[in-house]
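So the structure is just underneath, and the comments pick up after that.
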Amino acid sequence: MRCPFCGGPDTQVKDSRPSEDSSAIRRRRVCPDCGGRFTTFERVQLRELVVLKRSGKRVPFDRDKLQRSIDVALRKRTVDPERVERLVSGITRRLESGGEGEVTSEAIGEAVMEGLKGLDDVAYVRFASVYKNFREAQDFQDLLGTLGERLEGEGVLPEEGEAVPAPSDEAVAAPRRGRPARKRA
Ligand SMILES: [Zn+2]
């Protein structure tokens, strides 16, 4: 593996161990030329996957890009990183093991929404709002119809004209980890 800092060809593996969910091998590497340190991940790739974008363009599936879009949706939310890693791995494996070597960006978006729905309501709404682009106001209405009551009840959705609350209310993300629900005043 070439050094990302100086381009030296002979980096050495210092340490090698499974990632948190054991779906990857994490290797810490050091470059003898410049002393640079970096980490690589070795993952199972069931097959080469091609993403068909809405524009009609085809690009290779990029797990890191999937991870980044999920990270953006989860920004400042208190969700266990291990669960996020499992979500990304799960979606990737599902896509890779599907019958097709090609998957639409829409199918990926649906898979992410499905996954986030079970992980964190706020992240789900954030992702859905970007993904669906809310080109039609009706989409947003439908979405709020399914989530609205629950979120309003937990003070997640702001009242009209109110700033979005700081994500300090852990109670919204916590229930699945067995913490007691916040008492209502
Ligand atoms: Zn180097």
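So, in the range 26-52, how many residues would count as being of a type in the set (Val, Ile, Thr) and more than 16 Å from the ligand (Cβ to nearest atom)?
Result for the range 26-52: 3.
Filtering the range 70-81 to residues that are crowded, with 17+ Cβ neighbours inside 10 Å and free of Cβ contacts under 8 Å to residues at least 60 places away in the same chain leaves Ile70, Ala73, Leu74.
Among all residue pairs at least 6 apart or on different chains, which show Cβ distances below 8 Å where the first residue, located in the range 1-28, is closer than 14 Å to Arg43 by Cβ and the second is more than 9 Å from the ligand (Cβ to nearest atom) and assigned to a loop (DSSP other than H, G, I, E, B)? That search, which allows pairs on different chains as well, returns Ser23/Val44; Ile25/Ser19; Arg26/Ser19.
When residues in the range 21-37 are screened for being touching a Lys or Arg at 6+ places or on another chain (Cβ under 6 Å) and either of a type in the set (Asp, Glu) or under 15 Å from Phe5 (Cα atoms) (or both), 3 of them pass. In summary, Arg94 fulfils each of the numbered conditions (1) among the basic types (Lys, Arg); (2) over 18 Å from the mean Cα position of the chain (by Cα); (3) surrounded by 14 or more Cβ atoms within 10 Å (Cβ to Cβ) with the single exception of condition (2). From the list Val103, Val122, Val130, Val84, which residue is crowded, with 16+ Cβ neighbours inside 10 Å and either within 24 Å of Ser55 (Cβ to Cβ) or among the small types (Gly, Ala, Ser) (or both)? Just a single option satisfies the conditions, and that option is Val103. Each residue in the range 1-25 was checked for being within 27 Å of the chain's Cα centre (by Cα) and within 14 Å of the ligand (Cβ to nearest atom), and 2 of them qualify. Selection within the range 11-35: residues that are among the acidic types (Asp, Glu) and at pLDDT below 90. The member of this set that is surrounded by the most Cβ atoms within 10 Å (Cβ to Cβ) is Asp21.
The values are calculated or read from the model by the stated rules, or taken from the named source; none is laboratory data. Bear in mind that the values here come from a model prediction, so they are computed numbers and not experimental data. Methodologically, a virtual Cβ is constructed for each residue, glycine included, from the backbone with ideal geometry; neighbour enumeration extends over all protein chains shown.
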